[in-house]
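Down below is the structure, laid out as structure tokens.
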């Protein structure tokens, strides 16, 4: 016959020095990893998006030294997968252009001219 401790009212108390259960341990270890797995997509594909926009701008602006910079970024839900979308501004040789760049993965990015024209930049 087991005796109840007085003052517990049937509630289980955790003893000091007791290890967490396997389920709790799995949640503590896996949950931060899963949460972190969602955020790096934008960071992971950003350099590929910048390179893609820079190559297109270098051609359209006739300026190999054109410098790209990210203006905004977000993930877009596609039909079968998520896509990283970047709005990238590129300046060089007295001109600038804005591109929407979509990346399905780091090796598959496309830059689309958002402005529809190249703008002259005042010195």
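Only the coordinates and a few stated rules stand behind these numbers; no lab work does. Not measured: the values here are computed from a predicted model. Note: ideal-geometry Cβ built from the backbone for every residue, glycine included; neighbour counts use all protein chains shown.
Each of residue 105 and residue 69 was given a label point 7 Å from its Cα along the Cα-to-Cβ line. The distance between the two points is 3.3 nm. Dividing the C-alpha radius of gyration of the range 50-123 by 2.2 N^0.38 Å, with N its residue count, gives 1.12. A Förster distance of 30 Å, applied to the separation of the beta-carbon atoms of residue 79 and residue 51, puts the FRET efficiency at 0.70.
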